[in-house]
Amino acid sequence: MTHNQVGEAFRHIRKLTDFRPAIALVLGSGLGSFANNVSARYAIDSAAIPNYPVSSVQGHAGKIIFGTIEESGRTSIPLLLFQGRVHYYESGQIDRVVFSIELAHKLGAKTLIVTNAAGGINSNFQAGQLMLIKDCLNLAMKYPLTASATQTTKRTSVGFDSKLQDLIRDSARDLQISLQEGTYCWLHGPSYETAAEIKMLRTLGVDAVGMSTVPEIVKARSLGMNVAGISLISNMATGLSLTKLSHEEVTETADKTQLSFSTLMKEIILRIR
Ligand code: HPA
């Protein structure tokens, strides 16, 4: 996966639409139906885009949608929405994981909001709550950047836009939607963790764990984008709840939490200028 491959995908899209997104939103496991809130100007099946990495994971629908959020006379700035993502564990190729981020940047997006489903580790959390990602722990130890001197990107690590974080906190407070905050840890997956691993992560100060998002944040930061991340705590992590953890539980909780997730996300997008 090279810059040329992203370029080819970009040119394909530009032939179909001249829509210039200002914000890109990546919808994680079970959150894809947020797309129903978008007044879509254009939707493309990602499988039809040259070189676009298609996800094999259930719950990742794989469409990219250009549009706006419209509500009670308010209209958002132009939005590009990715329904689903590819995970590092699917291919072991980090460039595939950040393809959509490079594409969003090339299409003009200056702001990125990433979302995911994650296992809760902080004992104050409950399944079904939302968490603003304040920092990340990269225990997959993979980075989507190269050391090439010719490359134009900056070698940043995670860093979040504090104005955007405040906008998210204010939106949640005004809507009375409970929003936790914490550190998200990326593990390779695809298996869920052992109880001992979760104990270790808790000792390390991790609040929620998942299998995505961190490389996307690193890539977007290196491209100079403003970034924020929100996790849906779809389950309490291994050893912290009596129910057996499964992908079905993850998508079921995401379904139940759709309403508060969608309400908050709509408000966030409407407030970004
Ligand atoms: N662990 C890792 N990834 C996850 C989890 C979990 O408990 N829940 C949703 N994604």
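Within the stretch 70-104, which residues are in contact with an Asp or Glu (Cβ under 9 Å, 6 or more places away or on another chain) and part of a strand (DSSP E or B)?
Hit for the stretch 70-104 is Glu71, nothing else.
When residues of the stretch 149-177 are filtered for being part of a loop (DSSP other than H, G, I, E, B), exposed (fewer than 15 other Cβ atoms within 10 Å of the Cβ) and modelled with pLDDT of 95 or more, how many remain?
So the answer is 1.
Find all pairs meeting these conditions: Cβ atoms under 6 angstrom apart; at least six residues apart or on different chains; first residue within the stretch 117-141 and over 16 Å from Asn235 (Cα atoms) and surrounded by 17 or more Cβ atoms within 10 Å (Cβ to Cβ); second residue among the aromatic types (Phe, Trp, Tyr) and modelled with pLDDT of 95 or more.
Filtered contacts from the stretch 117-141: Ile133/Tyr184; Cys136/Tyr184; Asn138/Trp186; Ala140/Trp186.
In this structure, is Ala237 under 29 Å from Thr68 (Cβ atoms), touching a residue at least 60 places away in the same chain (Cβ under 8 Å) and small (Gly, Ala, Ser)?
no
Please state which of the following conditions Tyr184 fails to meet, knowing it meets all the rest: (1) surrounded by 21 or more Cβ atoms within 10 Å (Cβ to Cβ); (2) part of a helix (DSSP H, G or I).
(2)
The values are calculated or read from the model by the stated rules, or taken from the named source; none is laboratory data. Since the model is a prediction, treat every value here as computed from it, not as a measurement. Virtual Cβ from ideal backbone geometry, glycine too; neighbours counted across all protein chains shown.
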